Amino acid sequence: MRPEPAFEAPWHAQLFALTVHLNEAGHFAWPDWADRFGATLKRHGVDRSLNGGDDYFLAWLETLETLLTETGAAEAQALQDMRAAWEAAYLRTPHGAPVTLD
Amino acid sequence: MGGIYARMRAGASGPLGDWTIVRHAAHDPAMPHDHHDHPHSLLPSDPALRVKALETILTQKGLVDPAALDEIIDTYENRIGPKNGAHVVARAWSDAAFRAALLADADPVLAEMGYYGRQGEHMVVVENTGDVHNMVVCTLCSCYPWPLLGIPPGWYKSDAYRARAVREPRKVLSEFGVTLPQDTSVRVWDSTAEVRYLVLPQRPAGTDGMDEAALMDLVTRDSMIGCGLAVAP
């Protein structure tokens, strides 16, 4: 039997790693993270039942964005701008070529 | 989740490396870029772009080392998983002194086996017997013993499991195909960021004389969460 993949999508893995790395670098304590994440899950789960896949990591992402904005590690506007820059990069890069920001 | 994800890494693509999502979903009507050929690269989903944005900004600020991220992903995708937990269980089945030490104070025992670190700092091992069946949940989020079991499966993180494991554990167990004798009581352990649990499943009958390696194959991930039983040989 093939083992299930640890992560369903690459961005789940990337987000997970980013969070673990920041925790280990001392940017926040894990119990604090778990409290915040638990609160986001609870909020997201009010209207519908979360399936533990994409919606779980969406709640994770929102928690990390908010946390880093609060600590000043990343500004909300800068995040939006960078997201837009990556989107533009994907849209202008021919299929199959590496996507870069420049 | 429809579709299969594959990760592609391109070598020379700037300091971050590059990854993009390939989603083979020819029959998925929700796929926004479901054309036969793509004039541009597949646009990652909104959250994927947001994660990239976070990573880029934190890397530019020197707060994140992309190589360290790759290392963490590789660890959990390829090196750490339920085999570690199965090793512990198989040894506990084979060695009474080890089992006693593990149940009394798991941390030093696990540390000696090399199964410690991230999210396994304080472990408690709970033993299933004919009288008691143990089951683990995290009602807050998804606390889980990473060094022993790797990354939790989707269902462990779902609202349904997190809520129902506590409310109606026997029903949940039956959905996993586990039916316990009526006089076996069910004990549900709620993990926290500080304490993680591993269930020591009952050793199946007919396994006398099997060595540790053979026993390991009988120990499933679910049996160590308490949502399954060890497999009979």
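Overview of results
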read-out	value
Per DSSP, loop GluC sites (Glu not before Pro) in the stretch A:39-102 with at most 14 further Cβ within 10 Å	A:E75
Calculated diffusion of the stretch B:81-225, Stokes-Einstein form, Kirkwood radius summed over Cα pairs, 10 °C and 1.306 mPa s, µm²/s	103 µm²/s
Shielding by other protein chains, B:151-157, mean Cβ within 10 Å	5
Per-residue average of Cβ from other chains inside 10 Å of B:136-148	3
Apportionment of accessible area to carbon and sulfur, the stretch A:10-71, percent (1.4 Å)	49 percent
Approximate spin-label separation A:A97-B:R167, in nm, with each point projected 7 Å along Cα-to-Cβ	5.4 nm
The stretch B:81-225, accessible surface, carbon-and-sulfur percent (1.4 angstrom probe)	52 percent
Summed buried accessible surface, chains B and A, 1.4 Å probe, nearest 100 Å²	5400 Å²
Surface per residue (accessible, 1.4 Å probe) for the protein assembly as shown, Å²	47 Å²
Dimensionless Rg over Rh [the protein assembly as shown; C-alpha; Kirkwood]	1.00
Of B:V195, B:G177, B:T139, farthest towards positive along the dipole that unit charges on Lys, Arg, Asp, Glu beta carbons give the stretch B:113-211	B:T139
Cα-centre dipole for the protein assembly as shown with unit charges at Cβ (Lys and Arg positive, Asp and Glu negative), debye to 20	480 debye
Rg/Rh for the stretch A:10-71, where both radii come from Cα atoms and Rh is the Kirkwood radius	0.97
Chain A: relative contact order in percent, alpha carbon pairs under 8 Å with at least 6 residues between	17 percent
B:D46 accessible area, 1.4 Å probe, all protein chains in place, Å² to nearest 10	60 Å²
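The values are calculated or read from the model by the stated rules, or taken from the named source; none is laboratory data. This is a predicted model, so every value here is computed, not measured. Neighbour counts are summed over all protein chains in view; Cβ atoms, including those assigned to glycine, are modelled from backbone coordinates with ideal geometry. Heavy atoms of the whole protein, side chains included, go into the accessibility calculation; ligands, DNA and RNA do not. Shrake-Rupley method; radii C 1.70, N 1.55, O 1.52, S 1.80 Å.
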